[in-house]
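K.L.:
Shown below is the structure under consideration.
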Amino acid sequence: MNAALAPTPAPHDMGGPAQPLLIVRDLKKHFPVRSSPLDRERKFVHAVDGVNFSVPKGKTLGIVGESGCGKSTTARLVARLMPADAGELIFDGEGVEEFRGLRLKEFRRNLQMVFQDSFASLNPRLTIAETIAYGPRVHGIARADHQARELLDRVGLDPSHFAGRYPHELSGGQRQRVNIARALAFDPRLVILDEAVAALDKSVQAQVLNLLQELKAERQLTYLFISHDLHVVHYLSDYVMVMYLGQVIESGPVERIYGHPAHPYTRALLSAVPSMDPEHRTQASPLAGDPPNPINPPSGCRFRDRCPHAHAVCASATPALRDMGRHSEHLAACHLNDPASGHPEAHQEQRP
Amino acid sequence: MSAPLVSIQDLTVQFHGARRASALNQVSLELGQGEVLGLLGESGSGKSVTLRTLLRLHPERHTRTAGRIRVDGQDVLALRGRELDRYRGGTVSMVFQEPGLAFDPVYTIGQQISEAVRVHEGVDQATAAARALAMLERVQIPQARRRFDAYPHELSGGMRQRAMIALALACKPKLLLADEPTTALDATVQIQILLLLRELQRETGMSVIFVTHDIGAAVEVADRIAVMYAGRIVEQGPVGQLVHQPCHPYTRGLLAATVGHEHRGRPLEAIPGSPPDLAALPPGCSFAPRCSHASERCHRDIPPLEQQGARTLACWHPVRLLGEAA
Amino acid sequence: MSATLPLPLPAAAAPAQPSRSYWTVVWRQLRRDPMAMASAAVLLLIVGAAVFAPWLAPADPYKASMIKRLLPIGSPGFLLGTDELGRDLLSRLMHGGRLSLLMGVVPVLAAFGIGTTIGLLAGYVGGRVNMAIMRVLDIFYAFPSVLLAVAISGALGPGMSNSLIALTLVFVPQVVRVAESVTTQVRQLDYIEAARMSGAGAFSIIRTHVLGNVLGPVFVYATGLLSVSMILASGLSFLGLGVKPPEPEWGLMLNTLRSAIYSNPWVAALPGVLIFVTSIAFNLLADSVRSAMDIRK
């Protein structure tokens, strides 16, 4: 997870294949909560609270978690759609913070985003082709229209049929294809998919997932895939990061996370998925209650309110992300995995 | 089997707006006492329209309804005035997808549930309040007494959905209609609500129609699943049979397109294309344009819904012959 | 399974017709709405009569006659009777429409232009700029619009151009408020974020993505203001702050005819009826346009 971070001055690519495409360090975003204008005491939603991760080139990092866990805010911070309160973004070895003006524009072209709401992410007054060509045209690319038609063709929409249409004339799946085409218009290196298939019908979702996989292979894309659907994350991701109340509580290669989850929350999340077998229905809910409010997160481990293994130490000490083996890339933040933590069950919970 | 609680025959619903859309075409359904039916389908399949028609929620000015609906011996489409009011909430009640929108924000949860009890059963305020509180406890809302006096916005999504279920069950309906009740919820909360619904159904013996687009959720609660596509039921059967041996190409496609861990590294078997426009349905089987088994006949004639053992099926070329299991 | 995705489009999902532009769809909706067509016809009649008044009017609107004062409706030669100075009322109503409609339309157009600009700015920039602009405008909001129009008009002095300015000032804050709230909504939509992701500048985003989606709702709101403007303009004239006699103008005519309200009520009411009919027609048409513009159905 750590690599040489010497900033390379080369304008295009290459900190080499070993250099992660994106490194995020200690990312923070707190939103003030307005209770009343006369209230002196200000409260904050700890939307993203010290998040670290990296995405290797050509891989997909899936971010999962429930509503309010900060996964979408993380995506927007990485996309620089809102300023972070603290933290560092390193894109292919270069610090993004230093980017200003033209450099920022350049950076943005490398990083595109597909949003959940296929309708809200298309301007209702522009035709499909205009929408796709808009970005390149702003940058003065002459063949923008021609390129837009090629992209439409690539995402499976016949340009002669669709180029002149308006978003409301398309189905949800077709609109999401348009959004993907728009994201590809700059030949980006990182694509952030923020619940990009969540609103689609199952039969259409599979089409779009296939398309995403093909495009990734074809264009050497790197994906940051944000979703609440564990099946889809499992299917698409190489690495998975689980967030809870603004913090990363577990991350690692997808087989490790799904095969040997080390955090009680990850385990609960995985077993909350409905069984597909009527003979073996889910008998008990793994967790009680709703995800708590991120305004006043509990002290220590934020999951302790809902955790079946919670102990006094969980309230007093915040568990750090620890490697679950030697350089296994599998990290989890739970006292159960740390024999030195003082948690009475810790020794029983050691990894196999 | 005794007379079914719900019997829908040849129900056809059309909407007249700027365009004419056929939302339901010749839908027939039966539901026994204490049975749980999962109505599975994607957007525009007609699953929600079926529920809303059962409660007569569509504006009559723009809706043309044909066919027959009988629930608990009453002809639902003929109900008027007070009878309709008693039917809604008394015989049948509904749980919505967005509990935040189904509650009135200016009254407390407790007030709204007691009001429903008072209106339907004509009991006094104190009895109604006691019943409401008991209902809140029954749906496992922690600290029910405190939540009784809470306003809807003060509850979390999962608590609101529990309160919604309490409201729906307060008048002991014989039939509960659940319209995607868990879709808007987080996974860990969804499973709690599904388990709660299953438990309440077992305790009360009511019948449930559970509408969802999520096969997993349907499998968790339903005895029987009816798959809808473009306003028609295409396949119906006991949940085990349907999941393990789907016969209709659409059901099969839907199951194949539901991502599981075994799919990693392979392309998914997606159903190509998108669902048809309800204002311009194809002349034959609505699924034919997307179906890999479609023949000329499929494009020409609508396949009838035929009973085959425990299952009903509307397909000219079923994926698997039903006789082979026997 | 092949690697690329075949996408046979169902014939139904993609009807083979040329794509229609947004306004074609709106127009088609509108044409099917009987209320919209009726209102448009009434407005067309009134506007036509006003525009072509010099050629269509049966008599000279200024020619008074002491012996033909306050003739009733249907008098020979005077279809709608005469006013308190014996002038032909039909001709005066037709000529009066020119000023009245002008007073209705010009302030709204001006306020539409000015208000949308300010509102877009406030809504798109947001933050403190928004706060400053909106709080200043709130001061205007503290007064009822009639009072405000009278006060500004009084301060500027009587006269038609001053009335136009006064009315414009009354409407600007209202338009700004609508434009600002629509812009704030639009600005949060994902397609604006997507445009920002493409590295486009604020000006380009406003021009391509914000303006088109803000103009519609603001335009509809402004259409609704036309009737208010006409009534306020008439009110100013009625009070002697707007148009001066002997110019024909509906509000002013209502004022001068009020002495005849007991002797010949029908004639005296006519200018008022016209103000009423015109503003109702404007309102109904605006309502229809509003619903027709929501083409997602």
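The values are calculated or read from the model by the stated rules, or taken from the named source; none is laboratory data. Keep in mind that what you see is a predicted model, and the values were worked out from it rather than measured. Because the Cβ atoms are built from the backbone with ideal geometry, glycine has one as well, and the counts that use them run over all protein chains shown. Heavy atoms of the whole protein, side chains included, go into the accessibility calculation; ligands, DNA and RNA do not. Shrake-Rupley method; radii C 1.70, N 1.55, O 1.52, S 1.80 Å.
K.L.:
Could you give me the residue pairs with C-beta distances under 6 Å whose first residue belongs to the range A:246-257 and is under 15 Å from residue A:25 (Cβ atoms), whose second residue is of a type outside the set (A, V, I, L, M) and surrounded by fewer than 24 Cβ atoms within 10 Å (Cβ to Cβ) wherever it lies, and which are 6+ apart or on separate chains?
P.N.:
A:247/A:49
K.L.:
Taking the condition in contact with a helix residue (DSSP H, G or I) (Cβ under 7 Å, 6 or more places away or on another chain) and modelled with pLDDT under 90, does residue B:163 pass?
P.N.:
Considered against the rule, which asks whether it is in contact with a helix residue (DSSP H, G or I) (Cβ under 7 Å, 6 or more places away or on another chain) and modelled with pLDDT under 90, residue B:163 comes out as no.
K.L.:
State all residues of the range A:229-244 that are assigned to a loop (DSSP other than H, G, I, E, B) and open to solvent by 10 Å² or more (accessible area, probe 1.4 Å); if no residue qualifies, say none.
P.N.:
A:229, A:238
K.L.:
Any chance you could count how many residues in the range B:112-141 are within 28 Å of the chain's Cα centre (by Cα) and not in a helix (DSSP H, G or I)?
P.N.:
3
K.L.:
Given the conditions (1) within 14 Å of chain B (Cβ to nearest Cβ); (2) surrounded by fewer than 18 Cβ atoms within 10 Å (Cβ to Cβ); (3) within 18 Å of residue A:131 (Cβ to Cβ), which single one is not true for residue A:214?
P.N.:
The one condition residue A:214 does not meet is (3).
K.L.:
Keeping to the range C:235-270, report how many residues are among the small types (Gly, Ala, Ser) and open to solvent by 10 Å² or more (accessible area, probe 1.4 Å).
P.N.:
Total satisfying the criteria: 5.
K.L.:
Specify which of the listed residues (C:129, C:186, C:125) is touching a helix residue (DSSP H, G or I) at 6+ places or on another chain (Cβ under 9 Å) and touching a residue at least 12 places away in the same chain (Cβ under 8 Å).
P.N.:
C:186 is the lone residue from the list that is touching a helix residue (DSSP H, G or I) at 6+ places or on another chain (Cβ under 9 Å) and touching a residue at least 12 places away in the same chain (Cβ under 8 Å).
K.L.:
Only residues that are of a type in the set (A, V, I, L, M, F, W, C), open to solvent by 20 Å² or more (accessible area, probe 1.4 Å) and either over 26 Å from residue B:180 (Cβ atoms) or free of Cβ contacts under 8 Å to residues at least 40 places away in the same chain (or both): list them for the range B:107-149, please.
P.N.:
Result: B:119, B:123, B:126, B:129, B:130, B:133, B:134, B:148.
K.L.:
Can you name every residue in the range B:165-192 that is within 14 Å of chain A (Cβ to nearest Cβ) and among the aliphatic types (A, V, I, L, M)?
P.N.:
Matches in the range B:165-192: B:184, B:185, B:187, B:189, B:191.
K.L.:
Which of the residues belonging to the range C:190-204 are surrounded by 21 or more Cβ atoms within 10 Å (Cβ to Cβ) and among the hydrophobic types (A, V, I, L, M, F, W, C)?
P.N.:
Across the range C:190-204, the qualifying residues are C:192, C:194, C:195, C:197, C:200.
K.L.:
A follow-up question, please. Only one of these is within 14 Å of another protein chain (Cβ to nearest Cβ), in contact with a helix residue (DSSP H, G or I) (Cβ under 9 Å, 6 or more places away or on another chain), open to solvent by 10 Å² or more (accessible area, probe 1.4 Å) and closer than 16 Å to residue C:112 by Cα: C:164, C:215, C:169. Name it.
P.N.:
It is C:215.
K.L.:
Does residue A:175 satisfy the condition of being open to solvent by 10 Å² or more (accessible area, probe 1.4 Å), among the charged types (D, E, K, R), under 23 Å from residue A:109 (Cα atoms) and in contact (Cβ under 8 Å) with a residue 60 or more places away in the chain?
P.N.:
So residue A:175 fails the test.
K.L.:
Just the residues that are in a loop (DSSP other than H, G, I, E, B) and open to solvent by 30 Å² or more (accessible area, probe 1.4 Å), please, taken from the range B:292-314.
P.N.:
B:292, B:293, B:294, B:295, B:301, B:302, B:304, B:305, B:309, B:310
K.L.:
If I ask for residues that are at the interface with chain B (Cβ under 9 Å from one of its Cβ atoms), in a loop (DSSP other than H, G, I, E, B) and open to solvent by 30 Å² or more (accessible area, probe 1.4 Å), which ones from the range A:268-289 would you list?
P.N.:
Scanning the range A:268-289 gives A:273, A:276, A:277, A:279, A:281, A:283, A:284, A:285, A:286, A:288.
K.L.:
Next up: Which one of these is within 14 Å of chain A (Cβ to nearest Cβ) and among the acidic types (Asp, Glu): B:30, B:42, B:83, B:35?
P.N.:
B:42
Okay, residues lined up against (1) away from every other protein chain (no Cβ under 14 Å); (2) surrounded by 19 or more Cβ atoms within 10 Å (Cβ to Cβ); (3) free of Cβ contacts under 8 Å to residues at least 40 places away in the same chain; (4) among the small types (Gly, Ala, Ser):
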| site | (1), (2), (3), (4) |
| --- | --- |
| A:322 | yes, no, yes, no |
| A:329 | yes, no, no, no |
| A:332 | yes, yes, no, yes |
| A:336 | yes, yes, no, no |
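K.L.:
If residue B:195 meets every condition in (1) over 30 Å from residue B:274 (Cα atoms); (2) crowded, with 24+ Cβ neighbours inside 10 Å; (3) at the interface with another protein chain (Cβ under 8 Å from one of its Cβ atoms) apart from one, which number is that one?
P.N.:
The single condition residue B:195 does not satisfy is (2).
K.L.:
Let me ask something else about it. Of all residues being of a type outside the set (Ser, Thr, Tyr), within 22 Å of residue C:24 (Cβ to Cβ) and assigned to a helix (DSSP H, G or I) in the range A:146-168, which is farthest from the other protein chains (Cβ to nearest Cβ)? Just the residue, please.
P.N.:
So, considering only residues that are of a type outside the set (Ser, Thr, Tyr), within 22 Å of residue C:24 (Cβ to Cβ) and assigned to a helix (DSSP H, G or I), the one farthest from the other protein chains (Cβ to nearest Cβ) is A:159.
K.L.:
Would you confirm, using the coordinates I've provided, whether residue C:107 is over 30 Å from residue B:19 (Cβ atoms) and assigned to a helix (DSSP H, G or I)?
P.N.:
In short, yes.
K.L.:
Right, another one. Given the structure, is residue A:137 of a type in the set (Lys, Arg), part of a helix (DSSP H, G or I) and open to solvent by 40 Å² or more (accessible area, probe 1.4 Å)?
P.N.:
Against the criterion (of a type in the set (Lys, Arg), part of a helix (DSSP H, G or I) and open to solvent by 40 Å² or more (accessible area, probe 1.4 Å)), residue A:137 qualifies.
K.L.:
Using the structure shown, decide if residue A:92 is more than 15 Å from the chain's Cα centre (by Cα), open to solvent by less than 40 Å² (accessible area, probe 1.4 Å), of a type in the set (D, E, K, R) and over 25 Å from residue A:265 (Cα atoms).
P.N.:
Answer is yes for this residue.
K.L.:
When residues of the range C:43-100 are filtered for being of a type in the set (Val, Ile, Thr), open to solvent by less than 70 Å² (accessible area, probe 1.4 Å) and not in a helix (DSSP H, G or I), how many remain?
P.N.:
So the answer is 1.
K.L.:
Of (1) outside any loop (DSSP other than H, G, I, E, B); (2) touching a residue at least 12 places away in the same chain (Cβ under 8 Å); (3) of a type outside the set (Ser, Thr, Tyr); (4) surrounded by 17 or more Cβ atoms within 10 Å (Cβ to Cβ), residue A:119 satisfies all except one. Which?
P.N.:
Against the list (1) outside any loop (DSSP other than H, G, I, E, B); (2) touching a residue at least 12 places away in the same chain (Cβ under 8 Å); (3) of a type outside the set (Ser, Thr, Tyr); (4) surrounded by 17 or more Cβ atoms within 10 Å (Cβ to Cβ), residue A:119 comes up short only on (1).
K.L.:
Further, regarding this structure: I'm checking my understanding of the structure. Among residues of the range B:198-243 that are of a type in the set (Lys, Arg) and more than 28 Å from residue B:289 (Cα to Cα), which one is least open to solvent (accessible area, probe 1.4 Å)?
P.N.:
Filtering first and then ranking leaves B:198.
K.L.:
Continuing with the same structure: May I ask you to say which residue of C:203, C:171 is modelled with pLDDT of 85 or more and under 30 Å from residue C:96 (Cβ atoms)?
P.N.:
When all the criteria are applied, what remains is C:171.
K.L.:
Tell me which of these residue A:265 doesn't satisfy, since it passes every other one: (1) more than 11 Å from chain B (Cβ to nearest Cβ); (2) not in a strand (DSSP E or B).
P.N.:
That leaves (1) as the condition not met.
K.L.:
Can you name the number of the only condition in (1) within 9 Å of another protein chain (Cβ to nearest Cβ); (2) modelled with pLDDT under 90 that residue B:262 fails?
P.N.:
Failing condition for residue B:262: (1).
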